[in-house]
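Notes follow the structure.
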Amino acid sequence: PELRRLEPPPMRLRPAQAPLEVFAYQHPGCDEPVPIYLSDVPVVLDNGANHGPETAQAVPVPAEVCGRLVAGDERDWYALEARRGEVFWLEAFGQRLDSPVDLDLAVFDADAKSELKNFHDELRNLGGRRFPTDHLDPSGRWVAPADGRFLIVVRNLVGGLGSDPRRGYRLSIRREDPTFTLVLVPGESEAPT
């Protein structure tokens, strides 16, 4: 008889991961598929030397930054140029990438003396019981108050002070663009009478 290769099981995503463009890659010898995330904007790698405001890594807008917070108290700083009234959407991905982090995201002035905006976990559950959308990744809208350079800091709130190379994250910096993701959820059927 002919042996047939079994297809890998599909990768299951949580409802909060719906905005992520991802596909599964089955690496030979692995039991579980590996997620490969896609981006439609330039991807920038964390340079590893951006742990303070004075060494903030300049990033273009739009961009997706891939970084890691290996040390427990590590902070990654990024710098962007903005014009007064320019509207940005900032979003960090950690929990939704299955990374062992609870991220904090904040915007500071050029001297890192004044915090201009702090973003929080998305605790609103827009999909209800059947499609829970809440998660621990910070995101939100920020309007530049003046022309100039601004700093963004990413840090981890949990996990202790020990080193852990699994603490990866993705930071999305984009100009606000009204888009949406359409998700269809089957309704609850009634039992026949």
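The values are calculated or read from the model by the stated rules, or taken from the named source; none is laboratory data. The structure displayed is predicted, hence computed values, not measured ones. Note that each Cβ is placed from the backbone with ideal geometry, even for glycine, and that neighbours are counted across all protein chains shown. With ligands, DNA and RNA removed, areas are computed over all heavy atoms of the protein, side chains included. Shrake-Rupley method; radii C 1.70, N 1.55, O 1.52, S 1.80 Å.
Data for the structure
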{"item": "Qualifying residues in segment 111-125 (those that are within 20 Å of residue 158 (Cα to Cα) and assigned to a loop (DSSP other than H, G, I, E, B)) - the one modelled with the highest pLDDT", "result": "120"}
{"item": "Criterion (more than 26 Å from residue 161 (Cβ to Cβ) and over 17 Å from the mean Cα position of the chain (by Cα)) met by exactly one of 54, 81, 21", "result": "81"}
{"item": "Filter pass, residue 159 being within 26 Å of residue 52 (Cβ to Cβ), open to solvent by less than 70 Å² (accessible area, probe 1.4 Å) and at pLDDT 90 or above", "result": "no"}
{"item": "Residue among 38, 69 that is free of Cβ contacts under 8 Å to residues at least 24 places away in the same chain and not polar (S, T, N, Q)", "result": "38"}
{"item": "Out of 83, 166, sole residue that is within 20 Å of residue 43 (Cα to Cα), among the charged types (D, E, K, R) and touching a residue at least 40 places away in the same chain (Cβ under 8 Å)", "result": "166"}
{"item": "Hits in segment 126-155 (condition: part of a loop (DSSP other than H, G, I, E, B), open to solvent by less than 70 Å² (accessible area, probe 1.4 Å) and touching a helix residue (DSSP H, G or I) at 6+ places or on another chain (Cβ under 9 Å))", "result": "127, 131, 132, 133"}
{"item": "Spans of strands (runs of 3 or more DSSP E) in segment 32-110 with at least 1 residues open to solvent by 20 Å² or more (accessible area, probe 1.4 Å) and at pLDDT 95 or above", "result": "43-45, 63-68, 75-82, 87-93, 103-108"}
